[in-house]
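Worksheet: the structure to be examined is printed underneath.
The values are calculated or read from the model by the stated rules, or taken from the named source; none is laboratory data. Only a predicted model underlies this, so the values are computations on that prediction, with no experimental measurement involved. Note that we place each Cβ from the backbone using ideal geometry, even for glycine, and neighbour counts take in every protein chain shown.
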Amino acid sequence: MSNVKQKQAQKEQHDIALEQFKMGYMMIRSELMFIDLFSEARVLRDISGGYPKNGLALVMKDGVIRCNPEARAEPGEWARAIGHCLLHLGMEHFTPHESPIEWNIACDCVVEKFLNDLKFGKPWYFGAPPSGISDEERLYNRLCETVDKSEYLGFGTAGADAPDMVFAENQSGHTR
Ligand SMILES: [Zn+2]
C-alpha cells in the first residue's frame with residue numbers, strides 16, 4: 001500500500017471510531033434516566049487522558065469523563081461505558097476508602113449489575129458480575145477479605161487491570 005493510501009486508510013479508521021463514539025454519545029444523551037446526571041458531568045474525547053491499554057474511559061472526581069479516542073468500541077458499548085462513569089458520580093462512589101482498588105472493583109460490580117438490570121447499551125466485556133450484589137460497602141468488605149477476586153474483575157471502563165475512578169483533583173488535564 002502506498003503511503004498516501006495508508007494514511008487514507010488510517011484516517012478512515014479514525015473517522016469510523018469517531019462516528020461510533022458520537023452515536024453512542026447520542027444514545028446516552030437521549031436516555032431520560034441519565035439527564036440529571038449529565039448536569040454535573042462533562043464528557044471529553046481527548047488523546048491526552050493517559051488511558052490504560054484497552055481502556056475506554058476514565059471518570060474524574062470533578063465530573064469529567066474522559067473517553068479514549070484510540071479505543072474501538074460499538075455505539076452501544078460507548079453508551080454503556082459513559083453511563084457507567086455517570087453512575088459512579090451519581091451513586092457518590094467518590095468517597096475515599098482504605099483499599100481503593102477493592103472499592104473501585106465493588107463499585108464497578110454494583111454499577112454493571114444496575115445497567116444489566118436496566119438492559120442499557122452493550123457490555124464491552126464478556127460475562128456478568130456474580131449474582132447477589134446489591135450494596136457497594138458490603139461487597140467492598142467482602143472483597144477486602146477475599147484472596148481470589150477474579151470473578152469480580154473486568155467490569156470497569158479502564159480495562160481489566162486499572163481502576164476507572166480517578167480521585168486526584170489535578171488529573172483532569174482539561175485546563176492544561
Ligand atoms: Zn467503574
| Odd one out for PRO75, checked against (1) within 16 Å of the ligand (Cβ to nearest atom); (2) in contact with a helix residue (DSSP H, G or I) (Cβ under 8 Å, 6 or more places away or on another chain); (3) within 21 Å of LEU118 (Cα to Cα) | (1)
| query | Taking the range 44-72, which residues are under 19 Å from HIS93 (Cβ atoms), away from the ligand (no atom under 13 Å from the Cβ) and among the aliphatic types (A, V, I, L, M)? | reply | VAL64
| query | What number goes with the only condition from (1) farther than 21 Å from PHE38 by Cβ; (2) touching a helix residue (DSSP H, G or I) at 6+ places or on another chain (Cβ under 7 Å); (3) charged (D, E, K, R) that ASP161 does not pass? | reply | (2)
| message | What's the total number of residues in the range 129-157 that are surrounded by 17 or more Cβ atoms within 10 Å (Cβ to Cβ) and in contact with a Phe, Trp or Tyr (Cβ under 7 Å, 6 or more places away or on another chain)? | response | 5
| note | Of ILE101, ILE82, ILE105, the only residue that is within 15 Å of the ligand (Cβ to nearest atom), of a type in the set (Val, Ile, Thr) and under 11 Å from the mean Cα position of the chain (by Cα) is ILE82
| query | Limited to the range 4-60, what total is found for residues that are under 15 Å from the mean Cα position of the chain (by Cα) and small (Gly, Ala, Ser)? | reply | 6
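So that you can scan it fast, the table gives a plain yes or no per residue for (1) in contact with a Lys or Arg (Cβ under 6 Å, 6 or more places away or on another chain); (2) more than 30 Å from GLU151 (Cβ to Cβ); (3) of a type in the set (A, V, I, L, M, F, W, C):
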residue: MET23; (1), (2), (3): no, yes, yes
residue: ARG29; (1), (2), (3): no, yes, no
residue: GLU40; (1), (2), (3): no, yes, no
residue: GLY50; (1), (2), (3): no, no, no
residue: ALA71; (1), (2), (3): no, no, yes
residue: MET91; (1), (2), (3): no, no, yes
residue: GLU102; (1), (2), (3): no, no, no
| message | Can you report the number of residues in the range 87-98 which are under 12 Å from the mean Cα position of the chain (by Cα) and near the ligand (Cβ under 9 Å from one of its atoms)? | response | 2
| query | Are there any pairs with C-beta distances below 7 angstrom linking a residue in the range 140-163 that is within 19 Å of PRO123 (Cβ to Cβ) to a residue that is away from the ligand (no atom under 12 Å from the Cβ) and charged (D, E, K, R), with the two at least 6 apart or on different chains, and if so which? | reply | GLY159/LYS53
| message | Can you tell me how many residues within the range 110-129 are outside any helix (DSSP H, G or I), within 16 Å of the ligand (Cβ to nearest atom) and farther than 15 Å from THR157 by Cβ? | response | 2
| task | Considering only residues that are polar (S, T, N, Q) and under 23 Å from ARG66 (Cα atoms), look in the range 89-128 and name the one that is surrounded by the fewest Cβ atoms within 10 Å (Cβ to Cβ). | result | THR95
| task | Would you mind telling me which numbered condition in (1) surrounded by fewer than 22 Cβ atoms within 10 Å (Cβ to Cβ); (2) of a type in the set (A, V, I, L, M, F, W, C); (3) modelled with pLDDT of 95 or more ALA79 fails? | result | (1)
| said: Can you find a residue that is outside any helix (DSSP H, G or I), of a type in the set (D, E, K, R), at pLDDT 90 or above and touching a Ser or Thr at 6+ places or on another chain (Cβ under 9 Å) anywhere in the range 138-161? | reply: no
| Conditions (1) farther than 18 Å from MET26 by Cα; (2) in contact with a Gly (Cβ under 6 Å, 6 or more places away or on another chain); number of the one not met by GLY76 | (1)
